[in-house]
Amino acid sequence: MMMKGPIREIIPLHGQKLRLTMQPGALSKKISLLVSNADPEHRISGREIVVDLPPIGLHEVVAIDLT
């Protein structure tokens, strides 16, 4: 089978979670998504941050503002 050229459809990823462990003393002031311009749902437990990401099409950037 021959390849038909570039990708013709982008299928979004669903149900992704981002889990980060912060350095001691670092506090998160705000978490935002720069491409979709949204504030995602997130949980902070001690030094760990878990961000529930919305469906991602081509790419997304997660910005974490520290105090």
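Does the chain come out rounded, prolate or oblate by the C-alpha gyration tensor, with a ≥ b ≥ c the root eigenvalues, rounded set by a/c under 1.5 and, if not, prolate when a/b is larger than b/c and oblate if not? Note, shape of the chain comes out prolate.
For segment 17-66, the relative contact order comes to 49 percent (Cα pairs under 8 Å, sequence separation of at least 6).
For segment 17-66, a simple Cβ point-charge model (Lys and Arg +1, Asp and Glu -1, everything else neutral) yields a dipole of about 180 debye relative to the Cα centre.
Between Ile64 and Glu48, the distance separating the two model label sites (each 7 Å from Cα on the Cα→Cβ line) works out to 1.3 nm.
Read the figures in this text as sums done on the coordinates, not as results from a lab. Just so we're clear, the structure is a prediction, and the values are computed from it rather than from any experiment. Note that we place each Cβ from the backbone using ideal geometry, even for glycine, and neighbour counts take in every protein chain shown.
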